[in-house]
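Right, one structure below, let's go through it.
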Amino acid sequence: MESKFLTYFIDFMMQDWFASIPITLCSVATLAVTVERYLYYQQNRRDVTAFIHQLQRELENNNLQKAQQTCSRLGGVIGEVAEEGVRLLAEQKEDFSKAFDITVGLVSRKLEKHLAILGTIGATCPFLGLFGTVVGVVFTLDELGASGGGTQTVVIGVAKALIATGYGLIVSILAVVFNNWYTNTVKRFNDDFQLLKLLFLSFAASEDKEGSYTR
């Protein structure tokens with residue numbers, strides 16, 4: 001059974017090149033994006049809980065310079081956004097919210113990079129496979145009519161044609177799974193950015209209150 005399946009698959013790759021080549025290119029792109037995004041997200045993973053507690057203490061002590069150094073030591077996209085947030089608190093407190101949202105938007109673009117490729121592959125690969133199957137069935141029926149073959153010829157021809165659909169579905173499923181996984185990863189990063197924003201806004205509000213009391 002396994003040898004027959006392998007034979008059918010090789011025949012599909014060689015004979016139905018109009019479907020096998022696009023699906024194979026999609027599989028290579030899926031693998032490349034999956035590995036690249038995994039490495040990128042792993043490089044930027046940080047212990048946000050401990051960091052936010054430390055940053056909160058430094059802001060409460062009104063030590064913006066030390067807070068900025070802490071953000072710089074953290075590194076990654078979270079440290080980058082946090083460091084920029086501290087800078088904005090010192091220089092653009094009145095327009096902090098809009099400026100911080102711009103920073104988060106720019107970083108989110110980095111986090112979402114190439115994910116559209118996975119989404120597109122997940123949506124189109126089943127149709128590429130279906131296209132290969134339809135064309136394969138058409139060729140099978142054409143050969144059947146020309147040679148006057150029996151039922152066995154039709155069954156084998158359809159079985160070979162269905163390889164295209166299976167191949168397209170496998171690549172599509174993998175692309176959709178990794179796209180959803182990485183989309184949730186990006187969402188967790190954005191949740192961390194929102195926590196930072198709330199922390200900074202809380203600090204800015206307390207500073208405004210202290211300023212109004214002193215006046």
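Specify the longest stretch of the chain that does not include any exposed loop site, a site being one of the GluC sites (Glu not before Pro) with a non-H, G, I, E, B DSSP assignment and at most 16 other Cβ atoms within 10 Å.
No qualifying site falls inside 113-215, the longest such stretch.
Taking the Cβ of each residue in L25, L118 as the centre, tally the other Cβ atoms inside 10 Å and list the residues starting with the fewest.
Lowest count first: L25, L118.
Pop the C-beta distance of L201 and H114 into the FRET formula with R0 = 35 Å and round what comes out to the nearest 0.05.
Once rounded, the FRET efficiency stands at 0.65.
Multiply the residue separation of F127 and D47 by 0.36 nm, subtract the distance between their alpha-carbon atoms, and state the gained length in nm to one decimal.
Separation in residues times 0.36 nm, less the Cα-Cα distance, equals 24.6 nm.
Using the alpha carbon gyration tensor of the chain, what are the three equivalent-ellipsoid semi-axes (square root of 5 times each eigenvalue), largest first, in whole Å?
59, 14, 11
Nothing charged except the Cβ atoms of Lys and Arg (+1) and of Asp and Glu (-1): what's the magnitude of the dipole of the chain about its Cα centre? Round to the nearest 20 debye.
Computed charge dipole of the chain: roughly 300 debye.
At 0.36 nm per residue, minus the direct Cα-Cα distance, what do K66 and V135 gain on full extension? Give it in nm, one decimal, please.
18.2 nm
In which sequence would R109, R87, R37 go, from the one with the fewest C-beta neighbours within 10 Å to the one with the most?
The most exposed by this proxy come first: R109, R87, R37.
None of the figures in this text is laboratory data; all of them are computed from the coordinates on show. All values derive from a computational prediction rather than experimental measurement. All Cβ positions, glycine included, derive from the backbone under ideal geometry; neighbour counts span all protein chains shown.
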